[in-house]
Structure formats: structure tokens, C-alpha cells
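What follows is a set of notes on a single structure, which appears directly below.
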Amino acid sequence: MTLGLLVLRVIVGLLFVGHGAQKLFGVWGGHGLQGTAGFFEAIGLRPGRFHATAAGLIEFAGGALLALGLLTPFAAAALIAVMTAAVISVHFTKGLWATDGGYEYNLVLASAAFALSAIGAGGWSLDHALSLSDHGVLWAIGALVVGIIGGVGAVLSGRAQRREQPQQATSRPTTA
């Protein structure tokens, strides 16, 4: 079980680190902050640069924490939040399957993070080395609830900014 948890943590965690690095630094085929910000603006998450930076940092840092097995439920909550926002803003309308641009992959990654917060990071983790007993059903449910609220909140705040910006552009002071 220890080996299985290590492999799961490291693979999923490093995939998140890679996605974050794509957003932040433009490596491995990513578009960097400018390109990601433009995409986020186009899908209605404004300001795009803020949301792109937040998503990139959360994926990068959360993935690193997950891979290390450090503060696992907190990493899980952060990563579930990013996946929730991605599903709501991009993937949900395309259905379940990733082949159609759906949310299958996001669901798998969020489920892995949830499971790790329930089971724990395993014996070969920093949580274990530091004697952190931060796993179990309540930790997992907490990570899931906080993650969903965080993801929904990010999307709602970005969409609220989208609605405010056109109003600001049309409400110019008049001079007589």
C-alpha cells in the first residue's frame, strides 16, 4: 500500500505541477501567463491575469505538496478547487468524455486528490515523517467541500467581473 500511495501521489502531483508550469512559465507546450490570461478572459474569468496566476500557482504548489505527501488534505482542497473551476468554466457543457473535451480527466484528478486526503499520503511521505495525522473521512469531506466552494467561488467572482466591465465601459461621464 505504501508503494501504491507513493506512485499515485507522485504521478498525480507532478502532473499538476506540469499543468501549473504550463500556465505560469509556458513550458511543455503551455501558453504562459499571457496566453492563459487571454484564454481566461475569453471564457469569462476576469481579470484573466489574476485567475491565470491563481490557477497556475495552485496547480504548481498543490501538485508539489501532493507529490511530497505534505499537508495532503490542504493540497487536495486546492486542487479540487481548480478542477471544479475548470469543469464549470470549460468542460461541463462538453459532456463527460475527454475525447469530446469533457470533464473526465478533471474528475479523475479531483477523485485521486480526494482519495489521498481520505487514505493519507502513506508511509513514504512528509506527512508521515512529520507525524501529521491529517487524513480520514472528515479530512476528505472537508477537502471536497472546501474545494467545491473555492472552485465555484472563483468562477462566480470571475463572471461577476465580466458583467461589471461592460457597464464601466459604457458609463462614461458626460461633459456639457
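The values are calculated or read from the model by the stated rules, or taken from the named source; none is laboratory data. Model, not experiment: these values are computed from the prediction. Methodologically, a virtual Cβ is constructed for each residue, glycine included, from the backbone with ideal geometry; neighbour enumeration extends over all protein chains shown. When the accessible area is computed, the model is the full protein with side chains, heavy atoms only, and any ligands, DNA or RNA have been set aside. Shrake-Rupley method; radii C 1.70, N 1.55, O 1.52, S 1.80 Å.
Somewhere in the stretch 122-136, is a residue open to solvent by 20 Å² or more (accessible area, probe 1.4 Å), in contact (Cβ under 8 Å) with a residue 12 or more places away in the chain and under 18 Å from the mean Cα position of the chain (by Cα)? There is no residue in the stretch 122-136 that is open to solvent by 20 Å² or more (accessible area, probe 1.4 Å), in contact (Cβ under 8 Å) with a residue 12 or more places away in the chain and under 18 Å from the mean Cα position of the chain (by Cα). A count restricted to the stretch 90-114 and to residues that are over 16 Å from the mean Cα position of the chain (by Cα) and among the hydrophobic types (A, V, I, L, M, F, W, C) stands at 3. The residue of the stretch 103-117 that is farthest from ARG9 (Cα to Cα), among those that are open to solvent by 70 Å² or more (accessible area, probe 1.4 Å) and of a type in the set (Phe, Trp, Tyr), is TYR105. ASP100 falls short on exactly one of the conditions (1) in contact with an Asp or Glu (Cβ under 7 Å, 6 or more places away or on another chain); (2) open to solvent by 90 Å² or more (accessible area, probe 1.4 Å), and that condition is (1). Could you give me the residue pairs with C-beta distances under 7 Å whose first residue belongs to the stretch 143-172 and is closer than 22 Å to ALA78 by Cβ, whose second residue is open to solvent by 70 Å² or more (accessible area, probe 1.4 Å) and at pLDDT 95 or above wherever it lies, and which are 6+ apart or on separate chains? As it stands, the answer is ALA143/PHE114; LEU144/PHE114, since those pairs meet every condition given. Take SER125 and tell me if it is modelled with pLDDT under 95, under 20 Å from MET1 (Cα atoms) and hydroxyl-bearing (Ser, Thr, Tyr). In short, no. Restricting attention to the stretch 106-121, the residues that are in contact (Cβ under 8 Å) with a residue 12 or more places away in the chain and of a type in the set (Val, Ile, Thr) add up to 1.
Restricted to helices (runs of 4 or more DSSP H) entirely inside the stretch 1-106, those with at least 3 residues that are under 19 Å from VAL146 (Cβ atoms) and of a type in the set (A, V, I, L, M, F, W, C) are 48-68, 72-86. The sole residue among GLY48, GLY44, GLY62 that is under 18 Å from LEU14 (Cα atoms) and open to solvent by less than 20 Å² (accessible area, probe 1.4 Å) is GLY62. Taking the conditions (1) in contact with a helix residue (DSSP H, G or I) (Cβ under 7 Å, 6 or more places away or on another chain); (2) at pLDDT below 95 in turn, SER117 satisfies each one other than (2).
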